[in-house]
Amino acid sequence: MMNSAPSKAMASTQQLGEIRRQQRADGHAAVLAIGTANPPNCVSEDEYPDYYFRVTKSQHLTDLKHKFKTMCEKTCTEKRFFHHTEALLDAHPHFLDRGKPSLDARLSIAAAAAPGLAAQAANKAIAKWGRPATDITHLIVSTNAGAHSPGADLVLASLLGLRASVIRTMLHLNGCSAGAASLRLAKDLAENNRGARVLVVCVELTIVGFRGPEEAYPHTLVSQAAFGDGAGAVIVGADACPEEHPLFEMVSASQTVIPDTGHVLTMLLTEAGLDGHILTRELIPIAAENIEQCMSDAFGPLLGGGVVGVGEWNDLFWAVHPGVSAILDNIDKALRLEPGKLSASRAVLRDYGNMLGATIIFVLDEQRRRMEEEGEGGDKWGVMMGFGPGFTIETMVLHATTNLKKN
């Protein structure tokens, strides 16, 4: 009598394969909707140096004020938004002194404020998406302004009315690359869970790291000159329904850590709040020196498969985390990009400053807006890039859909 074990094993393998096939989406994940939000307190660049030294009670530090003004001018930011106000800072004078513990109070303020700002961005994305919030299956929340559990994700899920079974993921302290990392994770979730609709929300509040100028620590002025507050939300899903309108297909994603660069950008929660180092002289050229290799690694396998319309980097559209304007200038030179290729990144830097992880979502939304207005969407390839501690470069290959064309 023949042993039936091999046939049973084969049947079991085939059954598992079919289950696996049914669990996965058929197509690539796509950006289905984008929403952004900022706190109401807006400070123009013309008044920011005076504002900063006034609210930190540091007007007597004239040399540092002159240095700070020069730093602000180099950021090419015209205005920025903050949750904190003069009244809030006056109520917490210990925030301005590195020698006084303030972390608990800072985190408490962020924990109360972050979910509301995140909900503003998320509600805009959900409204554009056109489906009920209860259809969201996964929630990814990223922030550099929190260290609580339960955290902003649970509060946000309640504010949005998400179902109790929504699968939540929190990312903390991923720096400026947090937005790109969250979208990379969302792509994997959407493609490996048939029918999944992933809400990504990045919310940033600089109150966690806001402090006064210090003669002993002049490097801290860099972060005070560069950053602002904001929240960005993206809904990601594969195999779009008829009522959905995909904007960008998320074709591939990768992460590269540049060796021996861990010291140039660091973040650390201390008793005096969020601290760290931004060594701009070393940091600024790193992205430009490594970006072409990252691009080649990302597009190489696709070009080998015959990607139409990609002959050189100028054929692409670009959504790049701006950081500071000098980073964009160096990328322009390294890749020999035509004028305007990084205009979406420059516009966001000008209008909002660097909002850490949320910034790349603002850039993606600005790129969407420009492509819709100019009718450039449809069968157009592009790239999204984020930079963060490590030094880490996140790269995602995008494909614009015909939904971005003028109607």
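The values are calculated or read from the model by the stated rules, or taken from the named source; none is laboratory data. These numbers were taken from a predicted model, which means no experiment stands behind them. Neighbour counts run over all protein chains shown; Cβ positions are idealised from the backbone, glycine included. For the accessible areas, the whole protein counts, side chains as well, though only heavy atoms, and no ligand, DNA or RNA atoms are used. Shrake-Rupley method; radii C 1.70, N 1.55, O 1.52, S 1.80 Å.
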> Summing -39500 (n - 2.57) over the DSSP H runs of n ≥ 4 in the chain and dividing by its residue number, what mean residue ellipticity at 222 nm do you reach, to the nearest 500 deg cm²/dmol?
Replying inline: -13000 deg cm²/dmol
> For segment 41-68 and segment 349-407, what is the separation of their Cα centres, given in Å?
Replying inline: 32
> Of all DSSP beta bridges located in the chain, what percent are antiparallel, nearest 5?
Replying inline: 75
>> Suppose the Debye formula is applied to equal point scatterers at every Cα of segment 248-402; what is log10 I(q)/I(0) at q = 0.18 Å⁻¹?
In response: -1.12
> Hey, how many Å between the Cα centroid of segment 110-156 and the Cα centroid of segment 310-334?
Replying inline: 30
>> Quick query: amide H of L274 versus all other amide H atoms, modeled in the peptide plane; which residues come in under 5 Å with a sequence gap of 5 or more or a different chain?
In response: G209
> Can you tell which of L268, L154, L183 shows the greatest fluctuation in a Gaussian network model of the chain with Cα springs below 10 Å?
Replying inline: L268
> What nm distance separates the two modelled labels at A127 and S12, each placed 7 Å from Cα along Cα→Cβ?
Replying inline: 5.4
>> Need the full-extension length gain, H92 to T266, defined as separation in residues times 0.36 nm minus the C-alpha distance. One decimal, nm.
In response: 60.1 nm
> Which value in nm describes the separation of the simple spin-label points at R336 and K57, placed 7 Å from the Cα toward the beta carbon?
Replying inline: 5.7
>> Nothing charged except the Cβ atoms of Lys and Arg (+1) and of Asp and Glu (-1): what's the magnitude of the dipole of segment 47-158 about its Cα centre? Round to the nearest 20 debye.
In response: 220
> Which far-off residues, 5 or more places away or on another chain, put their amide H under 5 Å from the one on I167, with H placed in the peptide plane?
Replying inline: H138, L139
> So how far apart, in nm, are the two label points at D351 and L302 if each is 7 Å from Cα heading toward Cβ?
Replying inline: 2.6
>> Springs between alpha-carbon pairs under 10 angstrom, Gaussian network model over the chain: which of H245, H60, H321 fluctuates most?
In response: H60
>> Quick one: 3J(HN,Hα) in Hz for segment 357-366, Karplus 6.51/-1.76/1.60 with θ = phi - 60°, rounded, Gly and Pro as x.
In response: x, 6, 4, 5, 5, 4, 5, 4, 5, 5
>> Through the Karplus equation 6.51 cos²θ - 1.76 cosθ + 1.60, θ set to phi - 60°, convert the phi angles of segment 16-26 into ³J(HN,Hα) values in whole Hz; use x for Gly and Pro.
In response: 5, x, 5, 4, 4, 4, 5, 6, 9, 6, 7
> Looking only at segment 326-352, which residues have a backbone nitrogen under 16 Å from a spot 7 Å from the Cα of E73 in the C-beta direction?
Replying inline: 326
> H263: net charge of surrounding residues, Cβ under 15 Å, Lys/Arg +1, Asp/Glu -1, itself excluded?
Replying inline: -2
> Most fluctuating residue of R54, R197, R281 in a GNM of the chain with Cα springs under 10 Å: which is it?
Replying inline: R281
>> Full-extension gain between T134 and E47, please, as 0.36 nm times their residue separation minus the C-alpha to C-alpha distance.
In response: 27.0 nm
> Past the 23 Å Cα-Cα mark, which pairs from K124/K341; K124/K380; K74/K333; K65/K333?
Replying inline: K124/K341; K124/K380; K65/K333
> What FRET efficiency, computed as 1/(1 + (r/R0)^6) with R0 = 41 Å and r the Cβ-Cβ distance, is obtained for A25 and D104, rounded to the nearest 0.05?
Replying inline: 0.40
> Considering only the other residues whose Cβ falls under 11 Å of the Cβ of G386, what net charge follows from Lys and Arg at +1 and Asp and Glu at -1?
Replying inline: 0
>> Let me spell out the model: positive unit charges on the Cβ of Lys and Arg, negative unit charges on the Cβ of Asp and Glu, origin at the Cα centre of the chain. What dipole size does that give, in debye rounded to 20?
In response: 800
> Within straight cross-link reach of K79, meaning Cα distance under 15 Å, which aspartates and glutamates are found once same-chain residues fewer than 8 apart are removed?
Replying inline: E45, D46, E47, D50, D229, D351
> Using a 1.4 Å probe on the protein chains only, how many percent of the accessible area of the chain belongs to carbon and sulfur?
Replying inline: 53
> Accessible area per residue of the chain at 1.4 Å probe, in Å²?
Replying inline: 43
> Between G27 and residues 5 or more places away or on another chain, which pairs have amide H atoms under 5 Å apart, with H built 1.01 Å from N, and which residues are they?
Replying inline: D239
>> I'd like the Karplus ³J(HN,Hα) series for segment 199-216: coefficients 6.51, -1.76, 1.60, θ = phi - 60°, whole numbers in Hz, and an x wherever there's a Gly or Pro.
In response: 9, 9, 9, 10, 10, 10, 10, 6, 4, 5, x, 6, 7, x, x, 9, 4, 7
